[in-house]
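Only one structure is covered here, and it is reproduced in the block below.
Computed from the coordinates by the stated procedures, all read-outs in this text should not be read as laboratory data. Fair warning: this is a prediction, and the values are worked out from it, not measured in the lab. Here Cβ is always computed from backbone atoms with ideal geometry, including for glycine, and neighbour counts include all displayed protein chains.
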Amino acid sequence: MADSVADSVAEPAVGRRSPAAAFAARFEAASAGGSLRLAEIPFLAQINLRVDPKSPAAERIGTAIGVPLPVEPGTTAGGGDLEVLWLGPDEWLVVGPDGAARDLVERIEEAAAGEHVSVVDVSAQRTTLVVGGERARDVLAHGCALDLHPRAFGPGRCAQTMLARAAVVLVAGEDGFRLLVRSSFAAYVAEWLLDASVEYVAGG
Amino acid sequence: MLLIPCPWCGPRDEAEFHYGGQAHVAYPEDPAALSDEEWARYLFFRDNPKGLFAERWSHTAGCRRWFNAVRDTATNEIHAVYRTGEPRPVIA
Ligand SMILES: [Zn+2]
């Protein structure tokens, strides 16, 4: 914390700190019982993409990143180390591994080839929290109004919604859920998750 | 709380939406030609029916799209939702 603001601006990769880094030990403790798994996946690359889904550019972008843009509301598409989340009828979030943002932006812009497309690196906007294990749905149900049953919200589904009054992108996977939460809300959501988890964590 | 069916995302809690007032209020063709009273009527005067009302909603905490809904102002029942640009459905 002694670093000055100027230092962190000049060298963003040095000593960077993820929004929920301070919760690592408590997440681990809450996960020890085995019925619940809490963790942060820091620094994922996130590209916000807006393009007319019926345009040739949309198809070219899908080809360029190896994942066709999902057009069914609330669904995801994956390929390689990328996942594309439907955010709106002309809006997607392309999620990739740490460090991939610049290359992704370049590939998408090249594929767009000057068409009416918006490509913005929003990697720093949100961090990713994992809520997995057999109790994951019970924990989320404390503060999320969506039906999270696998029949309604199984792998391949995503939703922008509210969790405990915080705006989140909720993604269902094979091994639980991922929450994309704004960096400034990460500590609040982490505290909330830990509080909601108390009754499901062995030993209390 | 109302359960509002977003035409993109499906049913969601009212808390995810913002209300946008009466739908289908067309912008005047030639605003400069309006008298002050006509302009004021366009800006400020809205229907206030007891019964079916076509109104705008925005799914601000979800897909962030504006859409229209026909709601019964007396019962809060939502009879139809439809996307921007689509005509108001006829409700028997
Ligand atoms: Zn929606």
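Restricting the range A:156-169 to residues that are under 19 Å from residue A:195 (Cα atoms) and more than 10 Å from chain B (Cβ to nearest Cβ), which is surrounded by the fewest Cβ atoms within 10 Å (Cβ to Cβ)?
Narrowing the range A:156-169 to residues under 19 Å from residue A:195 (Cα atoms): A:162-168.
From what's left, more than 10 Å from chain B (Cβ to nearest Cβ): A:163-164.
Values: A:163: 25, A:164: 17.
Filtering the range A:156-169 for residues that are under 19 Å from residue A:195 (Cα atoms) and more than 10 Å from chain B (Cβ to nearest Cβ), the one surrounded by the fewest Cβ atoms within 10 Å (Cβ to Cβ) comes out as A:164.
Quick check on residue A:178: is it among the basic types (Lys, Arg) and within 14 Å of chain B (Cβ to nearest Cβ)?
On the way: among the basic types (Lys, Arg): yes; within 14 Å of chain B (Cβ to nearest Cβ): no.
No.
Identify, please: which residue in the range B:57-80 is touching a Phe, Trp or Tyr at 6+ places or on another chain (Cβ under 6 Å) and surrounded by fewer than 19 Cβ atoms within 10 Å (Cβ to Cβ) and is, among those, nearest to residue A:92 (Cα to Cα)?
B:58
Among the residues of the range B:53-76, which ones are touching a strand residue (DSSP E or B) at 6+ places or on another chain (Cβ under 7 Å), away from chain A (no Cβ under 14 Å) and assigned to a loop (DSSP other than H, G, I, E, B)? Break it down into steps so the answer makes sense when it comes.
Kept after step one, since they are touching a strand residue (DSSP E or B) at 6+ places or on another chain (Cβ under 7 Å), are these residues of the range B:53-76: B:53-73.
Filter once more, so that each one left must be away from chain A (no Cβ under 14 Å): B:53-57, B:68-73.
Result: B:73, single match.
Check the range A:43-57 and report whether any residue there is farther than 18 Å from residue A:184 by Cα and among the polar types (S, T, N, Q).
The first filter runs over the range A:43-57 and keeps only residues farther than 18 Å from residue A:184 by Cα, leaving A:47-57.
So of that shortlist, the ones also among the polar types (S, T, N, Q) come out as A:48, A:55.
Looking through the range A:43-57, at least one residue is farther than 18 Å from residue A:184 by Cα and among the polar types (S, T, N, Q).
So residue B:84 clears everything in (1) within 16 Å of the ligand (Cβ to nearest atom); (2) at positive phi except one condition, right? Which one?
Of the numbered conditions (1) within 16 Å of the ligand (Cβ to nearest atom); (2) at positive phi, the odd one out for residue B:84 is (2).
Go through the range A:124-154 residue by residue and tally those that are of a type in the set (D, E, K, R) and in contact with an Asp or Glu (Cβ under 8 Å, 6 or more places away or on another chain).
From the range A:124-154, those of a type in the set (D, E, K, R) are A:126, A:134-135, A:137-138, A:147, A:151; that's our starting set.
Still in the running and in contact with an Asp or Glu (Cβ under 8 Å, 6 or more places away or on another chain): none.
Residues flagged as of a type in the set (D, E, K, R) and in contact with an Asp or Glu (Cβ under 8 Å, 6 or more places away or on another chain) within the range A:124-154 amount to 0.
Would you mention how many residues in the range B:1-19 are within 14 Å of the ligand (Cβ to nearest atom) and within 30 Å of residue B:39 (Cβ to Cβ)? Write out each step before concluding.
Applying the first criterion (within 14 Å of the ligand (Cβ to nearest atom)) to the range B:1-19 yields B:3-18.
Subsequent filtering for residues that are within 30 Å of residue B:39 (Cβ to Cβ) retains B:17-18.
Total satisfying the criteria: 2.
Looking at the range A:33-46, can you tell me whether even one residue there is closer than 16 Å to residue A:128 by Cα, within 14 Å of chain B (Cβ to nearest Cβ) and among the polar types (S, T, N, Q)?
Going through the range A:33-46, the residues closer than 16 Å to residue A:128 by Cα turn out to be A:37-46.
Subset that is within 14 Å of chain B (Cβ to nearest Cβ): none.
Within the range A:33-46 (the criterion being closer than 16 Å to residue A:128 by Cα, within 14 Å of chain B (Cβ to nearest Cβ) and among the polar types (S, T, N, Q)), the answer is no, since none of the residues qualifies.
With the range A:75-155 as the region, which helices (runs of 4 or more DSSP H) entirely inside it contain at least 2 residues that are within 14 Å of chain B (Cβ to nearest Cβ) and more than 21 Å from residue A:58 (Cα to Cα)? Reasoning before the result, please.
Values: elements: A:101-112, A:136-141, A:150-153.
Answer list for the range A:75-155: A:150-153.
Out of all the residues in the range B:1-17, which are loosely packed, with under 14 Cβ neighbours inside 10 Å and assigned to a loop (DSSP other than H, G, I, E, B)?
Passing the criteria: only B:1.
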